[in-house]
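All remarks here apply to the structure that follows.
The values are calculated or read from the model by the stated rules, or taken from the named source; none is laboratory data. What you see is a predicted model; the values in this text were computed from it and never measured. All Cβ positions, glycine included, derive from the backbone under ideal geometry; neighbour counts span all protein chains shown. With ligands, DNA and RNA removed, areas are computed over all heavy atoms of the protein, side chains included. Shrake-Rupley method; radii C 1.70, N 1.55, O 1.52, S 1.80 Å.
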Amino acid sequence: MRSQILNRMYVLLAIAAFGCAGAQVTQQSSAAPITATPPTAVVVYPFAVDASDVSLNSSIFQVAYRNMSGENQSAEQLQLAHQTAQNICVQVAANLTQKGITTTCLQRGVPPTGDNVLVLDGQFTDISEGNRLRRMVIGLGAGASKVDTVVQVIQKTPQGSSELLDFATSADSGYMPGAGITGPAGAAAGGAAAAASLGVNIAAGGVKNVTSSTGYLVDKTTDQIVQQMVNYYNRQGWSS
């Protein structure tokens, strides 16, 4: 009886806590396109995480990289940031293509081709994985993760280049339930060993494995970026 009551409490706490995770778009600006003709191609780059990433694209177009993170990041943090950047790039390209906006994820330093191209680029201003063990064992937000980005969409044409969109995204796990609570009944009360055995990674075509909370933030960040692009296409009458 006691175990049933505990399990119900864990479920109720998990449901209540999940609603505290957040995602939002801020600092939006928008400009009219150079030409009203729909772009012939859309490309997205893995977002910059340090100065070396910025230099790779500096010869392609000018983008104002603001509040660049990565100056004091450890090798492990840089690896996480680059994995997250690649995952967002792949997912944004896949999700936009599913919505009828054919998009390609290009590696930084590879110039786009075409006479009327939209280029989606950006940077991380904050990325934190939090404390994975605390998040998994306690579950209710301890060691919360966060991903913040600044995103620019630039149109490249023979007449020149122009920034069409500039916005910031923010996603945090907040009180997202940890694996110990969302796992099988009794797992949350099974101690660190039981909870640690329930770690979840995302795995999809072209997407590298990262921890479950960071994968959650990749999804939320992707959703925000895709929605901004879809909204812009709709305003310009470019949607099919």
*Linear extension gain, residue 231 paired with residue 97, 0.36 nm per residue minus alpha-carbon span*: 46.8 nm
_Full-extension gain in nm, residue 52 to residue 75, via 0.36 nm per residue minus C-alpha separation_ = 6.9 nm
*Which order do 233, 216 take when ranked by solvent-accessible area (1.4 Å probe, heavy atoms of all protein chains), largest first?*
216, 233
*Sorted peptide list for 88-95, 161-168, 36-43, 110-117, criterion being average Cβ within 10 angstrom, highest first*: 88-95, 161-168, 36-43, 110-117
*Computed E for residue 32/residue 239 - FRET, C-beta separation, R0 22 angstrom, nearest 0.05*: 0.85
